[in-house]
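Q: Before I ask anything, let me first share the structure, which is written out below as structure tokens.
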Amino acid sequence: GTLPKRIYYVSDSVRKILDEDSKQDMRVTSVGVKIFEKQSNKRVKTPYRITQEGLPAILPLMTKQIFRPTLEEFVTLLRERSLVIPEAPPGLEPEEGEEAPAEGASYIKQKHMLERPSVKSEDTLEQLRSVNMGCCIAMMRDEDAKRFGFVFNGKPLSISCWRGTITVNLLTNTNETDQLLEKFPEELRGERKKRSHAN
């Protein structure tokens, strides 16, 4: 059958009520916390991405697709909403007419992409070598989260992202990320750069 567009998390008590409504007499317009949203990308195997609102519920169960950038990279990601990754994602298969990128090699040819903020830490790059294309989570490092008070339910601040062929991008809205940025010292926040789209 067709996959649902969204998957919601509900408590056991709510689920029991819904299960007992076998004839679907109840008209449910909205219930629970949205955990997953359907996405379609021919290069990505998983059919869903994790929503920011559902991340606290699903994060304790996650063991893969998590990377922990440096503080500078994390703040830059919040500010710019995107970071260039100068290496090909693992398992990336070239499209017709493309050459396969060498593993661990910089393969970005667009000049304007090379000028954008990128992942520079070798430690972060090493982590990203095991993060596949699709939904992933950027999690603050423990020491940074404790320093700035970004520990929630025992977990450092984490942001739902999307890894593409060249960049990792935030899946949160601008208002959310701007509010988070305001909590960092001014000297760390910096100014959002104007992007050039020239070839």
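Q: List the equivalent ellipsoid semi-axes of region 1-56 in whole Å, largest first, each obtained as the square root of 5λ for an eigenvalue λ of the Cα gyration tensor.
A: Calculated on Cα positions only, the semi-axes equal 25, 15, 9 Å.
Q: I'd like the carbon and sulfur percentage of the solvent accessible area for the chain, probe radius 1.4 Å, heavy atoms only, ligands and nucleic acids excluded.
A: That share works out to 48 percent.
Q: Just report the Cα centroid separation between region 27-44 and region 127-148, whole Å.
A: Computed from Cα coordinates, the inter-centre distance equals 23 Å.
Q: Give the Rg (one decimal place) followed by the Dmax (whole number) of the chain, computed from C-alpha coordinates and expressed in Å.
A: 19.2, 59
Q: How large is the helix-only mean residue ellipticity at 222 nm for the chain, computed as the sum of -39500 (n - 2.57) over DSSP H runs with n ≥ 4, divided by its residue count, in deg cm²/dmol to the nearest 500?
A: Working: 8 runs with 54 residues, N = 199.
So the calculated ellipticity at 222 nm is -6500 deg cm²/dmol.
Q: Within the chain, what percent of beta bridges assigned by DSSP are antiparallel, to the nearest 5?
A: Details: 21 of 24 bridges.
Restricted to the chain, the bridges split so that about 90 percent are antiparallel.
Q: Quick one: how many lysine pairs does region 1-51 have with C-alpha atoms less than 17 Å apart and a gap of 8 or more or different chains? Give me the count, please.
A: Details: K5/K34; K5/K38; K5/K42; K5/K45.
The result is 4.
Q: On the first, second and third principal axes, largest extent first, how far apart are the outermost C-alpha atoms of region 116-185 in Å?
A: The Cα atoms of region 116-185 stretch 32, 26, 24 Å along their principal axes.
Q: Lys pairs in region 120-199, Cα-Cα under 25 Å, at least 8 apart or on separate chains: how many?
A: Lysine pairs meeting the criterion: 10.
Q: Right, something else. I want to verify a result. In a Gaussian network model of the chain, Cα cutoff 10 Å, which of these has the top mean-square fluctuation: S22, S160, S30?
A: S22
Q: Of K183, K23, K64, which is the most mobile in a GNM of the chain whose springs link Cα atoms less than 10 angstrom apart?
A: K23
Q: What number, in percent, do you get for the relative contact order of the chain if the mean sequence gap of Cα pairs under 8 Å and at least 6 apart is divided by its residue count? Before the final figure, lay out each step's value.
A: Numbers: 288 pairs, mean separation 45.8, N = 199.
Taking the mean separation of contacting Cα pairs over the length of the chain, I get 23 percent.
Q: Quick one: among P60, P89, P156, which has the greatest mean-square fluctuation in a GNM of the chain with alpha-carbon springs under 10 angstrom?
A: Answer for the Gaussian network model of the chain: P60.
Q: Right, here's the next one. For the chain, what is the accessible area per residue in Å² when the probe is 1.4 Å?
A: 65 Å²
The values are calculated or read from the model by the stated rules, or taken from the named source; none is laboratory data. Since the structure is predicted, the reported quantities are computational estimates derived from the model, not experimental observations. Ligands, DNA and RNA are excluded from the accessible area calculation, which covers all protein heavy atoms including side chains. Shrake-Rupley method; radii C 1.70, N 1.55, O 1.52, S 1.80 Å.
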